[in-house]
Amino acid sequence: MTATPSRVLVLNSGSSSLKYQLLDMESGVRLAVGLVERIGEETSRLKHTPLTAGGGEAREVNGPIADHDTALKAVAGELARDGMGLDSPELAAIGHRVVHGGMFFTEPTVIDDAVLAEIERLIPVAPLHNPANLTGVRTAMSLRPDLPQVAVFDTAFHTTMPEPAARYAIDVKTADEHRIRRYGFHGTSHAYVSRKAAELLGKAPEEVNVIVLHLGNGASASAVRGGRCVDTSMGLTPLEGLVMGTRSGDVDPAVIFHLMRVGNMSADEIDVLLNQKSGLVGLCGDNDMREIRRRIDEDDEEARLAFDIYIHRLKKYIGAYYAVLGRVDAVVFTAGVGENAAPVREAAVAGLEELGLAVDGELNSVRSDEPRLISPEYARVAVAVVPTDEELEIARQTYALLHDSASRND
Ligand code: AMP
């Protein structure tokens with residue numbers, strides 16, 4: 001008996017890493033998760049966890065993995081050991097996270113040569129991410145050329161942003177020539193979390209206005225009106241907006257010329273400063289919110305100030321997106337910090353009672369993997385925690401695309 005293919009392998013290729021998950025979209029079961037780290041180094045590591053009944057024991061393979069091609073072959077080998085290899089007839093498609101889809105890709109897209117060329121054309125606006133994503137796609141295509149490979153873009157959810165939110169106020173000709181505009185990132189997460197938040201409120205996504213705060217090591221806020229993004233805090237690159245683990249977020253652009261002229265720093269040095277040595281790590285030496293909270297508990301002034309700067313920026317974005325939306329039904333926290341750090345949620349909303357926002361201390365302190373409300377019953381605006389699941393969303397969009405195109409061909 002030939003099974004109907006219902007499995008989707010989700011690949012997220014970074015510059016030196018490859019994260020993956022295998023999901024069955026009919027049963028909703030996650031079958032395997034894993035990660036290859038430090039690709040190209042001597043100390044590469046593959047960690048594979050099968051999640052099928054009887055499985056669950058994580059396996060590690062240590063030793064040099066030269067490139068993404070070797071990494072994906074090793075992953076395929078581990079999946080095959082569990083009877084779920086890339087040649088399995090149950091595999092319906094491979095869904096790829098692609099960071100930058102520019103203005104061109106507004107939807108998940110089946111990858112062909114033209115799509116590959118367009119993703120490549122976008123490398124100047126995503127020099128760190130798109131080349132790695134492309135390597136993953138090309139490797140997967142070479143291993144299974146017959147299988148649909150779908151690109152799901154981080155930017156796609158934000159392509160509904162109206163022009164006043166998407167444009168910078170700089171010379172139009174220059175901006176157009178260099179494709180400078182606000183693209184936004186983390187879109188897969190913002191899409192998933194805003195839809196789940198509507199579900200939590202018992203409403204259709206079209207009926208609700210939501211502010212989503214994706215607070216991980218990278219962090220971004222979005223304003224979502226009736227299921228469509230109308231503004232987001234990241235811009236041309238994932239550097240703009242909130243204070244992040246290692247990124248500054250918003251700064252006066254003149255800081256850059258100042259550092260060039262007065263600090264004698266090169267563009268590359270400033271790039272590293274703002275992307276890797278700023279944010280929480282630049283302010284206090286730590287980017288892990290758990291460590292920062294621990295230091296605050298020991299009266300560490302530096303950690304306290306870093307936390308306060310982080311919260312101040314977050315609050316400004318909540319206020320800004322409240323104004324953009326006019327009416328807000330929910331403020332939703334997600335990702336590593338948003339899902340786990342109760343003090344961040346409490347501080348971000350503190351003092352916003354006039355906006356109808358409040359957090360219930362007891363509900364806020366509950367730890368759970370489920371979407372949940374943390375606002376008191378009397379609050380006009382719901383405050384919620386919704387764990388994000390970008391892999392599930394990529395798999396869902398990939399699978400939906402195949403079924404949509406199959407039904408169009410019927
Ligand atoms: P992400 O990028 O979504 O994986 O989030 C990673 C960040 O989440 C880490 O840098 C931590 O700062 C934060 N994080 C994870 N767990 C906790 C926790 N229990 N409490 C506070 N922050 C956490």
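Think of the chain as having a plus end and a minus end, set by charges on the Cβ of Lys, Arg, Asp and Glu; of Leu79, Gly249, Leu392, Gly249 sits farthest toward the positive end of this dipole. For the chain, the share of alpha carbon pairs falling in successive 10 Å distance bins from zero is 5, 20, 30, 28, 14, 3, 0, 0 percent.
In percent, rounded to a whole number, the relative contact order of the chain is 14, using alpha-carbon pairs under 8 Å and six or more apart.
Computed over segment 39-152, the alpha-carbon pair-distance distribution with 10 angstrom bins reads 13, 38, 34, 14, 1, each value a whole percent.
For segment 146-275, with only Lys/Arg (+1) and Asp/Glu (-1) charged at the beta-carbon, what is the dipole magnitude about the Cα centre, in debye rounded to 20? Before the final figure, lay out each step's value.
On the way: 12 positive and 16 negative charges, 65 e Å.
About 320 debye.
When both segment 108-178 and segment 191-206 are represented by their alpha-carbon centers, they are found 27 Å apart.
Could you tell me whether segment 136-219 comes out rounded, prolate or oblate from its Cα gyration tensor? Rule is a ≥ b ≥ c as square roots of the eigenvalues, rounded for a/c under 1.5, then prolate if a/b exceeds b/c, otherwise oblate. Here segment 136-219 falls in the oblate category.
For the chain, the share of DSSP beta bridges that are antiparallel, to the nearest 5, is 65%. The alpha-carbon of Lys19 sits under 18 angstrom from the alpha-carbons of these lysines, leaving out residues fewer than 8 places away in its chain: Lys47, Lys73. Could you check the simple spin-label distance between His178 and Arg294, using points 7 Å along Cα→Cβ, in nm with one decimal? The two pseudo-label positions are separated by 4.2 nm.
Applying the Karplus relation 6.51 cos²θ - 1.76 cosθ + 1.60 with θ = phi - 60° to segment 250-261 yields 3J(HN,Hα) values of 4, 9, 4, x, 5, 4, 5, 5, 4, 5, 5, 7 Hz, where x marks Gly and Pro. Where Lys and Arg each count +1 and Asp and Glu each count -1, what net charge lies around Pro376 among other residues with Cβ under 10 Å from its Cβ? Residues near Pro376 contribute -3 overall. For the options Ser13, Ser365, Ser233, a Gaussian network treatment of the chain with springs between C-alpha atoms closer than 10 Å singles out Ser365 as fluctuating the most.
Phi angles of segment 308-319 translate, via the Karplus equation with coefficients 6.51, -1.76, 1.60 and θ = phi - 60°, into HN-Hα couplings of 5, 5, 4, 6, 4, 5, 4, 5, 4, 5, 4, x Hz per residue; Gly and Pro are given as x. Starting from the Cα gyration tensor of segment 187-306, take the square roots of the eigenvalues, sort them a ≥ b ≥ c, and report rounded, prolate or oblate (rounded when a/c is under 1.5, otherwise prolate if a/b is larger than b/c, else oblate). The shape class here is oblate. Bridging of Lys203 to aspartates and glutamates at a Cα separation below 19 Å is possible for Asp329, Glu370, Glu377, once same-chain residues fewer than 8 apart are set aside. Solvent-accessible area per residue in the chain equals 47 Å², computed with a 1.4 angstrom probe and all protein chains kept. Summing +1 for each Lys or Arg and -1 for each Asp or Glu among the other residues whose beta-carbon sits under 14 angstrom from that of Arg181 gives -2. The candidates Lys19, Lys173, arranged from most to least accessible area with a 1.4 Å probe in the full protein assembly, appear as Lys173, Lys19. Pairs of Cα atoms in segment 300-354 fall into 5 Å distance bins, from 0 up to the last occupied one, in shares of 4, 17, 26, 27, 16, 7, 2, 1 percent.
Of Arg247, Arg295, Arg225, the residue with the greatest mean-square motion in the GNM of the chain, using alpha carbon springs below 10 Å, is Arg295. Explain nothing, just the number: relative contact order of segment 305-406, from Cα pairs under 8 Å at least 6 residues apart, as a whole percent. After rounding, I find 26 percent. For Ile119, the solvent-accessible surface with a 1.4 Å probe is about 0 Å², rounded to the nearest 10. Counting only protein heavy atoms, what percent of the accessible surface of segment 1-74 is carbon or sulfur at a 1.4 Å probe? Looking at segment 1-74 in its full context, I get 50 percent from C and S. Net charge within 14 Å of Gly40 by Cβ-Cβ distance, Lys/Arg positive one each and Asp/Glu negative one each, not counting Gly40 itself? With Lys, Arg at +1 and Asp, Glu at -1, the net is -3. GNM remark for the chain: springs join alpha carbons under 10 Å apart, and the peak mean-square fluctuation among Val366, Val125, Val210 falls on Val366.
Each label point was placed 7 Å from the Cα along the Cα-to-Cβ direction; for Arg81 and Leu363 their separation is 4.5 nm. Which of rounded, prolate, oblate describes segment 223-369, given a ≥ b ≥ c as roots of the alpha-carbon gyration tensor eigenvalues and a/c under 1.5 marking rounded, otherwise prolate only if a/b is larger than b/c? It is oblate, given that a/c is not under 1.5 and a/b is not larger than b/c.
Residues whose amide H lies under 5 Å from that of Phe185, counting only those 5 or more places away or on a different chain, are Met234; hydrogens are built 1.01 Å from N in the peptide plane.
The values are calculated or read from the model by the stated rules, or taken from the named source; none is laboratory data. What you see is a predicted model; the values in this text were computed from it and never measured. Positions of Cβ are backbone-derived with ideal geometry, glycine not excepted, and every protein chain shown enters the neighbour counts. Remember, those area values only see protein heavy atoms, side chains included, never the ligands or the DNA or RNA. Shrake-Rupley method; radii C 1.70, N 1.55, O 1.52, S 1.80 Å.
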